[in-house]
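Here is the structure we will look at.
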Amino acid sequence: MKAAWYEKQGAAHDVLVVGDLPDPEPGADEVRVRVAASGINPGELKKRQDVYGFGMPYPRVIPHSDGAGIIDQVGDGVPASRLGERVWCYGAQSYRPFGTAAEYVVVPSVQAVPLPDGVPFEQGACLGIPGITAHSCINAAGPVEGRIVLVQGGAGAVGVCAIQLARRAGARVLATVRSSHDEGVALRAGAHEVVRTDGATADEIVSRIRTLAPDGVGHIVEVAFDANIAGDTELLMLGGSLAAYAAGEPWPQPPIPFRQLLFKNVRVYFLGSDDFPAEAKAAAARDLNAALVGGWPGFEIGRQFPLSAIAEAHEYLERRRGPGRVVLLIPGDAA
(Lines give C-alpha, C1' and ligand atoms only; values in the text may rest on other atoms or scores of the structure.)
Protein backbone atom coordinates (compact mmCIF):
# COMPACT_ATOMS: atom_id res chain seq x y z
CA MET A 1 0.00 0.00 0.00
CA LYS A 2 0.96 3.64 -0.36
CA ALA A 3 1.55 5.27 3.01
CA ALA A 4 3.25 8.21 4.70
CA TRP A 5 5.42 7.71 7.78
CA TYR A 6 8.26 9.04 9.88
CA GLU A 7 11.01 7.21 11.73
CA LYS A 8 12.38 10.25 13.52
CA GLN A 9 10.81 13.47 14.76
CA GLY A 10 11.33 16.89 13.27
CA ALA A 11 10.16 19.28 10.56
CA ALA A 12 7.62 17.89 8.11
CA HIS A 13 9.80 17.99 5.00
CA ASP A 14 12.75 16.54 6.92
CA VAL A 15 11.08 13.45 8.37
CA LEU A 16 7.91 12.55 6.47
CA VAL A 17 8.35 9.82 3.84
CA VAL A 18 5.82 8.62 1.27
CA GLY A 19 6.32 5.14 -0.14
CA ASP A 20 5.15 1.54 -0.18
CA LEU A 21 4.52 -0.66 2.85
CA PRO A 22 2.92 -4.10 3.20
CA ASP A 23 -0.86 -4.11 3.37
CA PRO A 24 -2.04 -4.55 6.99
CA GLU A 25 -4.28 -7.44 7.96
CA PRO A 26 -7.02 -7.20 10.61
CA GLY A 27 -6.74 -9.30 13.74
CA ALA A 28 -9.52 -10.57 15.98
CA ASP A 29 -12.29 -7.97 16.50
CA GLU A 30 -10.61 -5.61 14.03
CA VAL A 31 -11.54 -4.26 10.60
CA ARG A 32 -9.45 -2.97 7.75
CA VAL A 33 -10.58 0.31 6.22
CA ARG A 34 -9.73 1.32 2.67
CA VAL A 35 -9.02 4.97 3.50
CA ALA A 36 -10.59 7.66 1.34
CA ALA A 37 -9.77 10.67 3.52
CA SER A 38 -7.43 11.26 6.45
CA GLY A 39 -8.04 14.13 8.87
CA ILE A 40 -5.14 16.12 10.31
CA ASN A 41 -5.35 17.36 13.90
CA PRO A 42 -2.92 19.79 15.59
CA GLY A 43 -1.89 17.14 18.11
CA GLU A 44 -0.50 14.99 15.33
CA LEU A 45 1.80 17.79 14.22
CA LYS A 46 3.03 18.10 17.82
CA LYS A 47 3.72 14.36 18.03
CA ARG A 48 5.79 14.57 14.86
CA GLN A 49 7.63 17.65 16.17
CA ASP A 50 8.08 16.08 19.65
CA VAL A 51 6.64 19.22 21.24
CA TYR A 52 5.92 17.39 24.48
CA GLY A 53 9.28 15.63 24.71
CA PHE A 54 7.90 12.08 24.72
CA GLY A 55 10.15 10.92 21.90
CA MET A 56 9.32 8.25 19.31
CA PRO A 57 6.73 5.85 20.77
CA TYR A 58 7.37 3.35 17.98
CA PRO A 59 10.22 2.84 15.49
CA ARG A 60 7.90 3.88 12.64
CA VAL A 61 4.74 6.00 12.85
CA ILE A 62 2.08 6.38 10.16
CA PRO A 63 0.42 9.58 11.43
CA HIS A 64 -3.20 10.69 11.89
CA SER A 65 -5.78 9.15 14.18
CA ASP A 66 -8.93 10.09 12.26
CA GLY A 67 -10.10 8.94 8.85
CA ALA A 68 -12.95 7.67 6.73
CA GLY A 69 -13.42 5.07 4.03
CA ILE A 70 -14.86 1.63 3.35
CA ILE A 71 -14.35 -1.59 5.32
CA ASP A 72 -12.78 -4.13 2.96
CA GLN A 73 -11.64 -6.84 5.39
CA VAL A 74 -12.84 -8.05 8.79
CA GLY A 75 -11.08 -10.10 11.44
CA ASP A 76 -12.38 -12.99 13.51
CA GLY A 77 -15.37 -12.02 15.58
CA VAL A 78 -16.54 -9.25 13.24
CA PRO A 79 -19.70 -9.92 11.20
CA ALA A 80 -19.10 -10.27 7.46
CA SER A 81 -22.04 -7.88 7.01
CA ARG A 82 -19.65 -5.03 7.81
CA LEU A 83 -17.79 -5.57 4.54
CA GLY A 84 -18.43 -2.65 2.20
CA GLU A 85 -19.65 -0.40 5.00
CA ARG A 86 -18.88 3.33 4.76
CA VAL A 87 -17.30 4.35 8.07
CA TRP A 88 -15.42 7.04 9.93
CA CYS A 89 -12.77 5.87 12.35
CA TYR A 90 -11.02 7.29 15.38
CA GLY A 91 -8.04 6.40 17.54
CA ALA A 92 -6.09 4.78 14.71
CA GLN A 93 -2.83 6.27 15.98
CA SER A 94 -3.70 6.54 19.67
CA TYR A 95 -1.40 4.11 21.46
CA ARG A 96 -0.95 2.43 18.06
CA PRO A 97 1.81 2.95 15.48
CA PHE A 98 -0.12 3.05 12.21
CA GLY A 99 -2.67 5.76 11.53
CA THR A 100 -4.82 6.82 8.59
CA ALA A 101 -2.21 8.49 6.34
CA ALA A 102 -2.20 5.37 4.19
CA GLU A 103 -4.34 3.48 1.71
CA TYR A 104 -5.37 1.03 4.44
CA VAL A 105 -5.72 1.23 8.21
CA VAL A 106 -6.65 -1.44 10.76
CA VAL A 107 -8.65 -0.43 13.83
CA PRO A 108 -10.80 -2.20 16.43
CA SER A 109 -14.25 -2.77 14.99
CA VAL A 110 -15.89 -0.50 17.58
CA GLN A 111 -13.70 2.39 16.39
CA ALA A 112 -15.06 2.14 12.84
CA VAL A 113 -18.38 3.97 13.04
CA PRO A 114 -21.00 3.84 10.27
CA LEU A 115 -20.91 7.06 8.24
CA PRO A 116 -24.45 8.33 7.59
CA ASP A 117 -25.66 8.29 3.99
CA GLY A 118 -24.83 11.45 2.11
CA VAL A 119 -22.05 12.56 4.46
CA PRO A 120 -18.79 12.95 2.49
CA PHE A 121 -15.70 11.06 3.55
CA GLU A 122 -13.91 14.38 4.11
CA GLN A 123 -16.40 15.21 6.85
CA GLY A 124 -16.13 11.79 8.44
CA ALA A 125 -12.35 12.04 8.47
CA CYS A 126 -12.56 15.13 10.71
CA LEU A 127 -14.93 13.82 13.39
CA GLY A 128 -12.86 11.68 15.74
CA ILE A 129 -10.61 13.69 18.03
CA PRO A 130 -12.55 17.00 17.87
CA GLY A 131 -15.98 15.41 18.14
CA ILE A 132 -15.17 13.04 20.98
CA THR A 133 -13.34 15.80 22.87
CA ALA A 134 -16.27 18.19 22.43
CA HIS A 135 -18.78 15.57 23.57
CA SER A 136 -16.81 14.88 26.73
CA CYS A 137 -16.44 18.61 27.44
CA ILE A 138 -20.16 19.24 27.03
CA ASN A 139 -21.21 16.31 29.20
CA ALA A 140 -18.44 16.44 31.84
CA ALA A 141 -20.62 18.03 34.52
CA GLY A 142 -23.91 16.38 33.61
CA PRO A 143 -26.84 17.39 31.38
CA VAL A 144 -26.72 20.91 29.92
CA GLU A 145 -30.40 21.16 29.03
CA GLY A 146 -31.71 24.56 30.11
CA ARG A 147 -28.22 25.85 31.00
CA ILE A 148 -26.19 28.61 29.37
CA VAL A 149 -23.10 27.07 27.81
CA LEU A 150 -20.17 29.24 26.68
CA VAL A 151 -17.86 27.74 24.05
CA GLN A 152 -14.55 29.59 23.98
CA GLY A 153 -13.03 29.39 20.50
CA GLY A 154 -16.31 28.50 18.83
CA ALA A 155 -14.91 28.39 15.28
CA GLY A 156 -12.28 25.73 16.03
CA ALA A 157 -12.82 22.05 15.31
CA VAL A 158 -13.69 21.17 18.92
CA GLY A 159 -15.64 24.40 19.28
CA VAL A 160 -17.88 23.73 16.28
CA CYS A 161 -18.71 20.26 17.57
CA ALA A 162 -19.29 21.56 21.10
CA ILE A 163 -21.71 24.22 19.86
CA GLN A 164 -23.73 21.71 17.87
CA LEU A 165 -23.81 19.08 20.60
CA ALA A 166 -24.75 21.60 23.31
CA ARG A 167 -27.54 23.05 21.18
CA ARG A 168 -28.92 19.60 20.41
CA ALA A 169 -28.79 18.84 24.15
CA GLY A 170 -31.06 21.80 24.90
CA ALA A 171 -28.57 24.43 26.07
CA ARG A 172 -28.52 28.11 25.20
CA VAL A 173 -25.15 28.37 23.47
CA LEU A 174 -22.83 31.37 23.48
CA ALA A 175 -19.53 31.33 21.63
CA THR A 176 -16.45 33.52 21.35
CA VAL A 177 -14.64 33.92 18.03
CA ARG A 178 -11.88 36.10 16.62
CA SER A 179 -13.23 37.35 13.28
CA SER A 180 -16.30 37.95 11.14
CA HIS A 181 -15.55 34.76 9.20
CA ASP A 182 -15.37 32.78 12.44
CA GLU A 183 -18.64 34.34 13.56
CA GLY A 184 -20.35 32.79 10.55
CA VAL A 185 -18.76 29.41 11.32
CA ALA A 186 -20.05 29.46 14.92
CA LEU A 187 -23.53 30.55 13.88
CA ARG A 188 -23.75 27.77 11.29
CA ALA A 189 -22.74 25.32 14.00
CA GLY A 190 -25.77 26.40 16.03
CA ALA A 191 -24.62 29.15 18.41
CA HIS A 192 -27.45 31.34 19.66
CA GLU A 193 -25.15 34.32 20.26
CA VAL A 194 -21.56 35.01 19.20
CA VAL A 195 -19.09 37.42 20.80
CA ARG A 196 -16.25 38.77 18.66
CA THR A 197 -12.96 39.08 20.56
CA ASP A 198 -10.70 40.64 17.92
CA GLY A 199 -9.31 43.94 19.21
CA ALA A 200 -11.11 43.64 22.56
CA THR A 201 -9.54 43.59 26.01
CA ALA A 202 -10.24 40.77 28.45
CA ASP A 203 -12.52 43.06 30.47
CA GLU A 204 -14.45 44.07 27.36
CA ILE A 205 -14.97 40.44 26.40
CA VAL A 206 -16.28 39.61 29.87
CA SER A 207 -18.60 42.62 29.73
CA ARG A 208 -20.02 41.59 26.35
CA ILE A 209 -20.72 38.06 27.55
CA ARG A 210 -22.31 39.39 30.75
CA THR A 211 -24.83 41.35 28.69
CA LEU A 212 -25.94 38.03 27.19
CA ALA A 213 -25.81 36.10 30.47
CA PRO A 214 -26.40 38.62 33.27
CA ASP A 215 -26.94 35.87 35.86
CA GLY A 216 -23.79 34.03 34.86
CA VAL A 217 -22.77 31.13 32.66
CA GLY A 218 -23.60 27.60 33.73
CA HIS A 219 -20.88 25.69 31.88
CA ILE A 220 -17.80 26.69 29.87
CA VAL A 221 -15.92 24.69 27.23
CA GLU A 222 -12.40 26.14 27.29
CA VAL A 223 -9.74 26.05 24.56
CA ALA A 224 -7.27 28.42 26.27
CA PHE A 225 -7.37 27.70 29.99
CA ASP A 226 -4.27 29.72 30.87
CA ALA A 227 -5.38 32.82 28.96
CA ASN A 228 -9.05 32.74 29.95
CA ILE A 229 -9.33 31.31 33.46
CA ALA A 230 -9.57 34.74 35.12
CA GLY A 231 -12.41 35.84 32.86
CA ASP A 232 -14.10 32.44 33.07
CA THR A 233 -14.08 32.69 36.84
CA GLU A 234 -15.87 36.03 36.66
CA LEU A 235 -18.48 34.69 34.25
CA LEU A 236 -19.34 31.40 35.95
CA MET A 237 -22.45 31.34 38.08
CA LEU A 238 -22.65 29.77 41.53
CA GLY A 239 -22.32 26.01 41.07
CA GLY A 240 -21.08 26.39 37.52
CA SER A 241 -18.59 24.15 35.75
CA LEU A 242 -15.71 24.39 33.32
CA ALA A 243 -14.23 21.75 31.00
CA ALA A 244 -10.79 22.60 29.59
CA TYR A 245 -9.21 20.62 26.77
CA ALA A 246 -6.33 22.91 25.75
CA ALA A 247 -4.08 25.75 26.86
CA GLY A 248 -0.89 27.49 25.79
CA GLU A 249 2.04 25.39 24.65
CA PRO A 250 3.86 23.35 25.57
CA TRP A 251 3.39 23.14 29.35
CA PRO A 252 1.61 26.19 30.79
CA GLN A 253 1.57 26.82 34.53
CA PRO A 254 -1.29 29.32 34.90
CA PRO A 255 -2.21 30.81 38.26
CA ILE A 256 -5.56 29.49 39.50
CA PRO A 257 -8.02 31.94 41.14
CA PHE A 258 -8.64 29.42 43.89
CA ARG A 259 -10.62 31.57 46.31
CA GLN A 260 -13.06 32.84 43.70
CA LEU A 261 -13.61 29.36 42.27
CA LEU A 262 -13.96 27.93 45.77
CA PHE A 263 -16.71 30.27 46.88
CA LYS A 264 -18.59 29.82 43.63
CA ASN A 265 -18.48 26.02 44.13
CA VAL A 266 -17.13 25.63 40.62
CA ARG A 267 -16.28 22.21 39.20
CA VAL A 268 -13.27 22.15 36.85
CA TYR A 269 -12.54 19.28 34.48
CA PHE A 270 -9.34 18.71 32.47
CA LEU A 271 -9.99 16.44 29.51
CA GLY A 272 -7.52 14.73 27.16
CA SER A 273 -8.94 12.94 24.12
CA ASP A 274 -6.74 9.82 24.03
CA ASP A 275 -7.84 8.67 27.46
CA PHE A 276 -11.62 9.02 27.49
CA PRO A 277 -13.42 5.84 28.58
CA ALA A 278 -14.61 3.55 25.79
CA GLU A 279 -18.25 4.14 26.70
CA ALA A 280 -17.75 7.92 26.42
CA LYS A 281 -16.27 7.53 22.94
CA ALA A 282 -19.17 5.31 21.88
CA ALA A 283 -21.71 7.82 23.20
CA ALA A 284 -19.93 10.61 21.35
CA ALA A 285 -20.02 8.65 18.10
CA ARG A 286 -23.76 8.07 18.46
CA ASP A 287 -24.49 11.74 19.16
CA LEU A 288 -22.23 13.01 16.38
CA ASN A 289 -23.95 10.72 13.88
CA ALA A 290 -27.34 11.86 15.15
CA ALA A 291 -26.29 15.46 14.57
CA LEU A 292 -25.21 14.68 11.00
CA VAL A 293 -28.44 12.82 10.29
CA GLY A 294 -30.34 15.75 11.84
CA GLY A 295 -28.92 18.23 9.35
CA TRP A 296 -25.71 19.50 10.93
CA PRO A 297 -23.47 20.43 7.98
CA GLY A 298 -20.31 19.55 9.86
CA PHE A 299 -16.97 21.24 9.34
CA GLU A 300 -15.74 23.83 6.94
CA ILE A 301 -13.16 21.99 4.81
CA GLY A 302 -10.37 24.43 4.07
CA ARG A 303 -7.80 22.56 2.00
CA GLN A 304 -7.45 19.07 0.60
CA PHE A 305 -4.08 17.57 -0.27
CA PRO A 306 -3.08 14.27 -1.87
CA LEU A 307 -1.22 11.75 0.25
CA SER A 308 1.94 12.53 -1.69
CA ALA A 309 1.80 16.11 -0.41
CA ILE A 310 1.47 15.28 3.31
CA ALA A 311 4.47 17.44 4.23
CA GLU A 312 2.89 20.44 2.49
CA ALA A 313 -0.40 19.71 4.28
CA HIS A 314 1.32 19.63 7.68
CA GLU A 315 3.15 22.88 6.97
CA TYR A 316 -0.04 24.55 5.76
CA LEU A 317 -1.74 23.70 9.03
CA GLU A 318 1.28 24.69 11.13
CA ARG A 319 1.31 28.14 9.57
CA ARG A 320 -2.49 28.51 9.71
CA ARG A 321 -2.60 29.77 6.15
CA GLY A 322 -6.37 29.57 5.83
CA PRO A 323 -9.61 28.69 7.64
CA GLY A 324 -11.22 25.28 7.83
CA ARG A 325 -10.03 21.73 8.32
CA VAL A 326 -7.11 20.22 6.40
CA VAL A 327 -7.65 16.76 4.91
CA LEU A 328 -5.59 14.26 2.94
CA LEU A 329 -7.39 12.54 0.06
CA ILE A 330 -6.09 9.02 -0.44
CA PRO A 331 -6.12 7.78 -4.07
CA GLY A 332 -8.10 4.69 -4.84
CA ASP A 333 -11.57 3.37 -5.61
CA ALA A 334 -13.35 4.18 -2.32
CA ALA A 335 -16.64 5.93 -3.07
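The values are calculated or read from the model by the stated rules, or taken from the named source; none is laboratory data. The model shown is predicted, which means the values in this text are computed figures rather than measured ones. Cβ placement follows ideal geometry from the backbone for every residue including glycine, while neighbour counts extend to all protein chains displayed.
In segment 169-192, the residues that are within 21 Å of GLY216 (Cβ to Cβ) reach residues that are hydroxyl-bearing (Ser, Thr, Tyr) with C-beta atoms within less than 6 angstrom, at least six apart or across chains, in these pairs: THR176/THR197. Looking only at residues of segment 51-71 that are in contact with a Gly (Cβ under 8 Å, 6 or more places away or on another chain) and more than 18 Å from VAL18 (Cα to Cα), we find that the one that is surrounded by the fewest Cβ atoms within 10 Å (Cβ to Cβ) is ILE70. Any residue at all in segment 199-219 that is at pLDDT below 95, farther than 12 Å from VAL151 by Cβ and either acidic (Asp, Glu) or not in a helix (DSSP H, G or I) (or both)? Yes, segment 199-219 contains a residue that is at pLDDT below 95, farther than 12 Å from VAL151 by Cβ and either acidic (Asp, Glu) or not in a helix (DSSP H, G or I) (or both).
Of all residues in segment 24-53, those satisfying the criterion of being part of a loop (DSSP other than H, G, I, E, B) and more than 28 Å from ARG303 (Cβ to Cβ) are GLU25, PRO26, GLY27, ALA28, ASP29, GLY53. Taking each residue of segment 196-214 that is assigned by TED's automatic domain parsing to the domain that holds ILE229 and at negative phi and looking for partners that are assigned to a helix (DSSP H, G or I) and of a type outside the set (A, V, I, L, M) with beta-carbon atoms closer than 7 Å, six or more apart or interchain, yields ARG196/GLU183; ALA202/GLY231; ILE205/GLY231; VAL206/GLY231; VAL206/GLU234.
Of ALA284, ALA280, which residue is crowded, with 18+ Cβ neighbours inside 10 Å and either in contact (Cβ under 8 Å) with a residue 40 or more places away in the chain or among the aromatic types (Phe, Trp, Tyr) (or both)? Result: ALA284 is the single residue among ALA284, ALA280 that is crowded, with 18+ Cβ neighbours inside 10 Å and either in contact (Cβ under 8 Å) with a residue 40 or more places away in the chain or among the aromatic types (Phe, Trp, Tyr) (or both).
So which residues in segment 157-179 are in a loop (DSSP other than H, G, I, E, B) and surrounded by fewer than 24 Cβ atoms within 10 Å (Cβ to Cβ)? Hits for segment 157-179 are ALA169, GLY170, ARG178, SER179.
Summed over segment 141-170, the residues that are more than 20 Å from ILE229 (Cα to Cα) and among the small types (Gly, Ala, Ser) give a count of 6.
Taken over segment 1-48, the criterion of being in contact with a Gly (Cβ under 7 Å, 6 or more places away or on another chain) and either over 29 Å from VAL74 (Cα atoms) or surrounded by fewer than 17 Cβ atoms within 10 Å (Cβ to Cβ) (or both) is satisfied by GLY27, ALA28, ASP29. Within segment 94-121, residues that are farther than 20 Å from VAL78 by Cβ sit with their Cβ atoms under 8 Å from residues that are part of a loop (DSSP other than H, G, I, E, B) and of a type in the set (Lys, Arg), at 6+ positions apart or across chains, in these pairs: PRO97/ARG60. Give segment 67-88 a look and list any residue that's part of a loop (DSSP other than H, G, I, E, B) and closer than 21 Å to LEU292 by Cα, or say none. Answer for segment 67-88, where residues must be part of a loop (DSSP other than H, G, I, E, B) and closer than 21 Å to LEU292 by Cα: GLY84, GLU85.
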